[in-house]
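Chemist: Structure in structure tokens, see below.
The values are calculated or read from the model by the stated rules, or taken from the named source; none is laboratory data. These numbers were taken from a predicted model, which means no experiment stands behind them. Neighbour counts are summed over all protein chains in view; Cβ atoms, including those assigned to glycine, are modelled from backbone coordinates with ideal geometry.
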Amino acid sequence: MASFQLDSQVGKMAEAYSLDAVDLAAKNFGIALDGSEASVERVEWLLGELHASKARTRPPESTVWWFAKAFGSYVGEVLRRYHGGEWGTVRMGDDSFPGIEQPNGALIWPWGRAHSRLVNGPEDNVWDYYRVIAGEIA
């Protein structure tokens, strides 16, 4: 069973990574991430582009995780803004990682989903993930 520990430092880190995602999207792709729910669909497109280039460029895993943290934090921050929740540490067995506890007690980890999107491709679509969490897709 998973547990959650509220951690304001994780929240500050996620906020900073989210700002990095906004800057990266604007500077490298000419895409504005404005904090709206619709902007998460643009994040999905960006992650798709990064996934496609990953096969050619073969970046180190640390680089893949940097993008996952940035864009996962952005998605998490949009979720929090529109649907509530708090950043902290999710623990599952011996593992722990940054995640969000939603007002209904559900635990999510947007960094992990963004990483899966980068590694696995469209089957781990972050726009679908967002809409499921937001209750738009049953």
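Chemist: Give me the residue from segment 2-15 that is farther than 18 Å from D34 by Cβ, touching a residue at least 12 places away in the same chain (Cβ under 8 Å) and not polar (S, T, N, Q) and, out of that set, surrounded by the fewest Cβ atoms within 10 Å (Cβ to Cβ).
Modeler: L6
Chemist: Tell me which residues, restricted to segment 1-43, are within 17 Å of the chain's Cα centre (by Cα) and among the basic types (K, R).
Modeler: K12, R42
Chemist: Do we have any residue at all in segment 75-86 that's touching a residue at least 24 places away in the same chain (Cβ under 8 Å) and surrounded by fewer than 16 Cβ atoms within 10 Å (Cβ to Cβ)?
Modeler: Step one: list which residues in segment 75-86 are touching a residue at least 24 places away in the same chain (Cβ under 8 Å), which gives 75-79, 81-83, 86.
In the following step, the residues that additionally are surrounded by fewer than 16 Cβ atoms within 10 Å (Cβ to Cβ) were identified as 81-82.
There is at least one residue in segment 75-86 that is touching a residue at least 24 places away in the same chain (Cβ under 8 Å) and surrounded by fewer than 16 Cβ atoms within 10 Å (Cβ to Cβ).
Chemist: Count, please, the residues in segment 103-138 that happen to be modelled with pLDDT under 95 and in contact with a Leu (Cβ under 8 Å, 6 or more places away or on another chain).
Modeler: Looking only at that region, the number is 3.
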